[in-house]
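Sharing a structure below in structure tokens format, with a few things to ask.
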Amino acid sequence: MSLNNEPNFKSINLFTATCIVVANMIGTGVFTSLGFQVVDIKSGFVILFLWLVGGIFALCGALAYGELGAAMPRNGGEYYYLSRIYHPVIGFLSGWVSVTVGFAAPIAVAAMSLGQYFTAVFPLFSPTAIALLVVIAVSLIHTRNLQFGSSFQYMFTLLKVLLILVLVFCGFYLAEPQKLGFLPSTTDVSAIFSSPFAVSLVYVIYSYSGWNAAVYLANEVEKPEKNVPRALITGTLIVMGLYLLLNLMFLYTTPLEQLAGKLEVGYIAANYIFGANGAKIIGLLISVGLISSISSMVLAGSRVSQVIGEDIGLFKLLAKKNAQGIPNYAILFQLCLVIVLLITSSFESVITYLGFTLTFSSFLTVLGVFVFRFKYSDIPSTYRTWGYPVTPIIFLVISLWMLVFIFSAKPLESLAGFLTLGLGLIIYFFAKRIS
């Protein structure tokens, strides 16, 4: 038995697939969340350990997704996996959330953040206008052909990584070190098991989100049964290393009291590194970096719409491809959603309840590795989850803790997530009935 669908176009090599993972993960989170962590956590070791735990969580997820991506190399990510492992309706609900807000809202947030950082340096422009211009331009670039879009993706991802490495190097070389220790002490154990550590971990894990990006384009990856797992794991390890270096540099260069409670951590650190013009440098750095983040989400999100269109007649327009094999209608549909969110500024309210539904979706997918091995034991796989069953269980336990935490902290937003799933359920049965 085989669950694989042979793609017609394969222009994404391992390097580009890894760039997509890296670009999807590195957004504004790593430049903004440290300030809230150091309010209650005063140990350099504990803060770095916090980011290490978040990286391990993401890596455990990537290891599990890699097995599913190798065994079922088709576009769509969770939509396709959950449809085959559990039931098509489960997959559709996951895809429904991804298509409607799962990618559109983060793209809108990244674009608006880019606009705000850019206009901080060049105040003559409107943040919304810059955001609209970037998402339209990037989306149109990806409607041309996959090879051109791939080149655009890896060039901007490389530039982002290079800028981060330059910032880290300058931080250690130019700034005066702070009196903060990074070796563990006896008091660190109680800090690790404290409530502030648990709260901070939720936001750190959100900063790592995007580690699963390569599975959404598995059809178009060369030798997906080998390269999809490699891209997921390599990309996650690269980001983990960059995040640890960045946070170490922030703590090394900037007094904790200057960071505590502040959102603009990157700006503050840059002032200690470069002086008065530091904020402008970091603003441009983040702006350039966010272009690759937007690009990778445009690529990944449109492929979920495409696969839903291939499977369900009501959405068949989204499955149509141009002469170069690009699902241009899916890209344009996603662009329309992003434009609406940007113009109405409704993405801020949408993003608050995404955490619960997306975490639940990834929880079911990693749990699906156990179900997949039982249900499809006859399907050979070129990759098996490293550390199985320990690594998937680590991911599931942390995910379950996050779901409980999110539901108790934000019950209304979590219920809104369930309502979104309920609407998706109605649309699924309507679509099936008229097909």
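The values are calculated or read from the model by the stated rules, or taken from the named source; none is laboratory data. Please read all numbers here as calculations on a predicted model, not as lab measurements. Counting neighbours? That spans all protein chains shown, and the Cβs are built from the backbone with ideal geometry, glycine included. Accessible surface areas use protein heavy atoms only, side chains included; no ligands, DNA or RNA. Shrake-Rupley method; radii C 1.70, N 1.55, O 1.52, S 1.80 Å.
Do we find that A198 is surrounded by 16 or more Cβ atoms within 10 Å (Cβ to Cβ) and of a type in the set (G, A, S) in this structure? Show your work before the answer.
Values: surrounded by 16 or more Cβ atoms within 10 Å (Cβ to Cβ): no; of a type in the set (G, A, S): yes.
It is false that A198 is surrounded by 16 or more Cβ atoms within 10 Å (Cβ to Cβ) and of a type in the set (G, A, S).
Which of the residues spanning the range 84-105 are within 14 Å of the chain's Cα centre (by Cα) and either under 19 Å from L425 (Cα atoms) or open to solvent by 30 Å² or more (accessible area, probe 1.4 Å) (or both)? Step through it out loud before you land on a result.
So the first thing to find is which residues in the range 84-105 are within 14 Å of the chain's Cα centre (by Cα), and the list is 98, 101-105.
Within the range 84-105, S98, V101, G102 qualify.
Do the conditions hold for K320, that is, is it under 29 Å from V350 (Cβ atoms), among the basic types (K, R), over 25 Å from the mean Cα position of the chain (by Cα) and open to solvent by 10 Å² or more (accessible area, probe 1.4 Å)? Steps first, please.
Details: under 29 Å from V350 (Cβ atoms): yes; among the basic types (K, R): yes; over 25 Å from the mean Cα position of the chain (by Cα): yes; open to solvent by 10 Å² or more (accessible area, probe 1.4 Å): yes.
It is true that K320 is under 29 Å from V350 (Cβ atoms), among the basic types (K, R), over 25 Å from the mean Cα position of the chain (by Cα) and open to solvent by 10 Å² or more (accessible area, probe 1.4 Å).
For the range 151-183, what are the residues that are over 17 Å from I268 (Cβ atoms) and part of a loop (DSSP other than H, G, I, E, B)? Before you say what the answer is, go through the steps one by one.
Within the range 151-183, the first condition is being over 17 Å from I268 (Cβ atoms), and the residues that meet it are 151-163, 165-166, 169, 173, 179, 181-183.
Hits for the range 151-183 are K179, G181, F182, L183.
Something else about it: What number goes with the only condition from (1) of a type in the set (A, V, I, L, M); (2) open to solvent by 10 Å² or more (accessible area, probe 1.4 Å); (3) within 26 Å of V390 (Cβ to Cβ); (4) more than 21 Å from the chain's Cα centre (by Cα) that L59 does not pass?
(4)
I need the full set of residues from the range 118-148 which are closer than 23 Å to V21 by Cβ, over 20 Å from the mean Cα position of the chain (by Cα) and in a helix (DSSP H, G or I), in order please.
Narrowing the range 118-148 to residues closer than 23 Å to V21 by Cβ: 134-135, 137-139, 141-148.
From what's left, over 20 Å from the mean Cα position of the chain (by Cα): 137, 141, 143-148.
A137, I141, L146, Q147, F148 - these are the residues of the range 118-148 that are closer than 23 Å to V21 by Cβ, over 20 Å from the mean Cα position of the chain (by Cα) and in a helix (DSSP H, G or I).
Ok, one more. Against the condition under 26 Å from I291 (Cα atoms), modelled with pLDDT of 90 or more and surrounded by fewer than 24 Cβ atoms within 10 Å (Cβ to Cβ), how does S126 come out, does it pass?
Values: under 26 Å from I291 (Cα atoms): yes; modelled with pLDDT of 90 or more: yes; surrounded by fewer than 24 Cβ atoms within 10 Å (Cβ to Cβ): yes.
Answer is yes for this residue.
Here's another thing I want to ask about it. Quick check, is T254 over 17 Å from Q116 (Cβ atoms), touching a helix residue (DSSP H, G or I) at 6+ places or on another chain (Cβ under 8 Å) and open to solvent by 20 Å² or more (accessible area, probe 1.4 Å)? It would help to see each step written out before you state the result.
Working: over 17 Å from Q116 (Cβ atoms): yes; touching a helix residue (DSSP H, G or I) at 6+ places or on another chain (Cβ under 8 Å): yes; open to solvent by 20 Å² or more (accessible area, probe 1.4 Å): no.
Taking the combined requirement at face value, the residue does not satisfy it.
Quick one: is S151 within 22 Å of the chain's Cα centre (by Cα), within 27 Å of I12 (Cα to Cα) and buried (at least 22 other Cβ atoms within 10 Å of the Cβ)?
On the way: within 22 Å of the chain's Cα centre (by Cα): yes; within 27 Å of I12 (Cα to Cα): yes; buried (at least 22 other Cβ atoms within 10 Å of the Cβ): no.
Considered against the rule, which asks whether it is within 22 Å of the chain's Cα centre (by Cα), within 27 Å of I12 (Cα to Cα) and buried (at least 22 other Cβ atoms within 10 Å of the Cβ), S151 comes out as no.
When residues of the range 353-366 are filtered for being out of contact with any Phe, Trp or Tyr (no Cβ under 6 Å at 6 or more places or on another chain), assigned to a helix (DSSP H, G or I) and either touching a residue at least 60 places away in the same chain (Cβ under 8 Å) or open to solvent by 60 Å² or more (accessible area, probe 1.4 Å) (or both), how many remain? Let's see the steps before the verdict.
From the range 353-366, those out of contact with any Phe, Trp or Tyr (no Cβ under 6 Å at 6 or more places or on another chain) are 353-364; that's our starting set.
Within this subset, residues satisfying the condition of being assigned to a helix (DSSP H, G or I) are 354-364.
Retained after the next criterion (residues that are either touching a residue at least 60 places away in the same chain (Cβ under 8 Å) or open to solvent by 60 Å² or more (accessible area, probe 1.4 Å) (or both)): 354-358, 360-362, 364.
Residues in the range 353-366 being out of contact with any Phe, Trp or Tyr (no Cβ under 6 Å at 6 or more places or on another chain), assigned to a helix (DSSP H, G or I) and either touching a residue at least 60 places away in the same chain (Cβ under 8 Å) or open to solvent by 60 Å² or more (accessible area, probe 1.4 Å) (or both): 9 in total.
Looking at the range 174-186, which of its residues are open to solvent by less than 90 Å² (accessible area, probe 1.4 Å) and under 29 Å from M402 (Cβ atoms)?
Listed by number, the residues that qualify are L180, F182, P184, S185.
One residue is enough: does the range 381-403 have a residue meeting the conditions touching a Leu at 6+ places or on another chain (Cβ under 8 Å), open to solvent by 90 Å² or more (accessible area, probe 1.4 Å) and assigned to a loop (DSSP other than H, G, I, E, B)?
Checking the range 381-403: at least one residue is touching a Leu at 6+ places or on another chain (Cβ under 8 Å), open to solvent by 90 Å² or more (accessible area, probe 1.4 Å) and assigned to a loop (DSSP other than H, G, I, E, B).
Listed here are the residues, each with its yes/no results for (1) farther than 22 Å from Y154 by Cβ; (2) open to solvent by less than 20 Å² (accessible area, probe 1.4 Å); (3) touching a Cys at 6+ places or on another chain (Cβ under 7 Å).
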{"site": "A279", "(1), (2), (3)": "yes, no, no"}
{"site": "A300", "(1), (2), (3)": "no, yes, no"}
{"site": "V304", "(1), (2), (3)": "no, yes, no"}
{"site": "V338", "(1), (2), (3)": "yes, yes, no"}
{"site": "L342", "(1), (2), (3)": "yes, yes, no"}
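Are any residues in the range 154-173 open to solvent by less than 60 Å² (accessible area, probe 1.4 Å) and touching a helix residue (DSSP H, G or I) at 6+ places or on another chain (Cβ under 6 Å), and if so, which ones? Can you show your working first?
As a first pass, look at the range 154-173 and keep what is open to solvent by less than 60 Å² (accessible area, probe 1.4 Å): 156-157, 160-161, 163-164, 167-168, 170-171.
Of everything in the range 154-173, those that are open to solvent by less than 60 Å² (accessible area, probe 1.4 Å) and touching a helix residue (DSSP H, G or I) at 6+ places or on another chain (Cβ under 6 Å) turn out to be F156, T157, K160, L163, I164, V168, C170, G171.
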